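Values quoted throughout were computed directly from the atomic coordinates according to the rules given, and no laboratory measurement underlies them. Predicted model only: the values in this text are computed from it and were never measured. Positions of Cβ are generated from backbone atoms using ideal geometry, with glycine treated the same way; all protein chains shown enter the neighbour counts.
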Amino acid sequence: MQGKLKVIMLTGRTIEQGVAKEYGKSSPEYYEACSMVYMDADEMKKIGVKNGTHVLVTTPNGSVVLRAVKYPRSATPGLIYIPYGPWANAVVSDATTSIGTPSFKGTPAEVEPAPDKPVLSIQALLKKEFGR
């Protein structure tokens, strides 16, 4: 079956994202560590997505194409997890509700297969988001 999956999006730090940041945000290591989304294996199967397939993640705040990766530790039905970085920022609300930090947790999202769409480089993503 292919289609859209309704989930709750979480974002946060990962060890890989932290290590890759040391190489620089324009490095291949950072791109690999941050331009992906962890998903539940059964839910990946439900929408016809294999490990490494591109998916479109859409929230009320925007959309971004990411590489789907099976979450390695346990089942996580109903949740997706995107490492901090520009790709996560593309779908996180910029509203800070007077606390100075947006909510990086609990955002409703939809995920759908996007095998023919590219995961943008950091330069292309920033140009798309900010027009420069």
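Placing +1 at every Lys and Arg Cβ and -1 at every Asp and Glu Cβ, with all other atoms neutral, what dipole size does the chain have around its Cα centre, in debye to the nearest 20?
The calculation lands at about 80 debye.
For segment 5-130, compute Rg over Rh where Rg is the Cα radius of gyration and Rh is the Kirkwood radius from the inverse mean 1/r over Cα pairs.
Expressed as Rg/Rh, it is 0.94.
With a cut-off of 8 Å between alpha carbons and a minimum separation of six or more residues, what is the relative contact order of segment 5-130 in percent?
Dividing the mean separation by the residue count of segment 5-130 yields 37 percent.
Which distance in nm do the two modelled labels at LYS46 and LYS105 give, with both placed 7 Å along the Cα-to-Cβ direction?
Modelled inter-label distance: 2.2 nm.
If we count every other residue with Cβ under 14 angstrom of LYS46's Cβ, Lys/Arg +1 and Asp/Glu -1, where does the sum land?
Result for the neighbourhood of LYS46: 0.
Would you compute, from DSSP H runs of 4+ residues alone, the mean residue ellipticity of the chain at 222 nm, taking -39500 (n - 2.57) per run and dividing by the full residue count, rounded to the nearest 500?
After summing the helix terms and dividing by residue count, I get -6500 deg cm²/dmol.
Would you mind checking LYS46/LYS128; LYS70/LYS117; LYS50/LYS105 for any pair whose Cα atoms are more than 23 angstrom apart?
Check vs 23 Å cut-off fails for LYS46/LYS128; LYS50/LYS105.
Compute a Gaussian network model of the chain, connecting alpha carbons closer than 10 Å, and tell me which residue from ILE80, ILE47, ILE15 fluctuates the most.
Greatest mean-square fluctuation among the candidates belongs to ILE15.
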